[in-house]
Amino acid sequence: MLNLGEVNLMKFLRRVMLSIFLTIFSQSTLADDADLNRVAKKIKTQIEKSIKKSKKPLEGYCDVFVDLDYTHPKNAVVKKVSTLGDNELCFIAKKTIKVGNKYAYDWPERYIRVQVVSK
């Protein structure tokens, strides 16, 4: 039979484990920068519009990684675009976000990750 100290210890450990799991798994929901960053939101909407305009019905996902340069005073300039996911979706994303595109920004962030899902 467990005494009161052991029961309290088990409750404490259960709370610690729960908080660790919530911390770890809540980071996956913040994987898309479009919720926090204005540039990422603009990029995501541009890609989604291009996907809607495509003639093929597309399904899948594409993770788009955008490397930005902040040497211009008020604009972030796209230096590199890399993708991971469905070929057709990623092809449309790369065609939409071209190297040299400029975006106004609030705060500089070198790499932006945007996840696009099409059903």
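The values are calculated or read from the model by the stated rules, or taken from the named source; none is laboratory data. Keep in mind it's a predicted model, so treat the numbers as computed, not measured. Methodologically, a virtual Cβ is constructed for each residue, glycine included, from the backbone with ideal geometry; neighbour enumeration extends over all protein chains shown.
Quick notes
- Enumeration of residues in the stretch 67-119 that are more than 14 Å from the chain's Cα centre (by Cα) and more than 20 Å from THR45 (Cβ to Cβ): ASP69, TYR70, THR71, HIS72, PRO73, LYS74, LYS79, LYS80, ASN87, PRO108
- Test result for ALA104, within 18 Å of LEU36 (Cβ to Cβ), in contact (Cβ under 8 Å) with a residue 12 or more places away in the chain, surrounded by fewer than 13 Cβ atoms within 10 Å (Cβ to Cβ) and not polar (S, T, N, Q): yes
- Qualifying residue in the stretch 58-67 (condition: assigned by TED's automatic domain parsing to the domain that holds ILE43, loosely packed, with under 13 Cβ neighbours inside 10 Å and either touching an Asp or Glu at 6+ places or on another chain (Cβ under 7 Å) or polar (S, T, N, Q) (or both)): no
- Looking across the stretch 86-101, just one residue is of a type in the set (D, E, K, R), part of a loop (DSSP other than H, G, I, E, B) and surrounded by 11 or more Cβ atoms within 10 Å (Cβ to Cβ), and that is ASP86.
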